[in-house]
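The values are calculated or read from the model by the stated rules, or taken from the named source; none is laboratory data. Note that this is a predicted model, so its numbers are computed, not measured. Ideal geometry is used to build each Cβ from the backbone, glycine not excepted, and the neighbour counts take in all protein chains shown.
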Amino acid sequence: MAHEARSSLNNFVAALERHLEAVSSGRGSDDPAVLSAYEHLKSAFLDYEEALSDQFGEILPMELAEDDEDWA
């Protein structure tokens, strides 16, 4: 499914803001609100990346961190 880049960007920015709110008011990386915000941010990032590729044939100049137990 093709995604519109502008809409995906708006969702990504909103996800960044929600993540910051969760992290700044949370109780660490095991806090359910922080985990939920992280998953939402990850999904929004991937949607935006896909939208850029679909619409413009472009990619982002960064990648998601690999799942690693050291980051958990």
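Some notes on this structure:
For every residue, the table says whether it meets (1) outside any loop (DSSP other than H, G, I, E, B); (2) touching a Phe, Trp or Tyr at 6+ places or on another chain (Cβ under 7 Å); (3) of a type in the set (Lys, Arg).
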residue	(1), (2), (3)
GLU21	yes, no, no
LEU35	yes, no, no
PHE45	yes, yes, no
GLU58	no, no, no
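- Subset tally (residues that are among the small types (Gly, Ala, Ser) and assigned to a helix (DSSP H, G or I)) for region 23-33: 3
- Taking region 17-44 as the range and being closer than 19 Å to ALA65 by Cβ and exposed (fewer than 14 other Cβ atoms within 10 Å of the Cβ) as the test, the residues that pass are LEU20, GLY28, SER29, ASP30, SER36, GLU39, SER43.
- Evaluation of LEU41 against (1) modelled with pLDDT under 95; (2) aliphatic (A, V, I, L, M); (3) in a helix (DSSP H, G or I) (one fails), failing number: (1)
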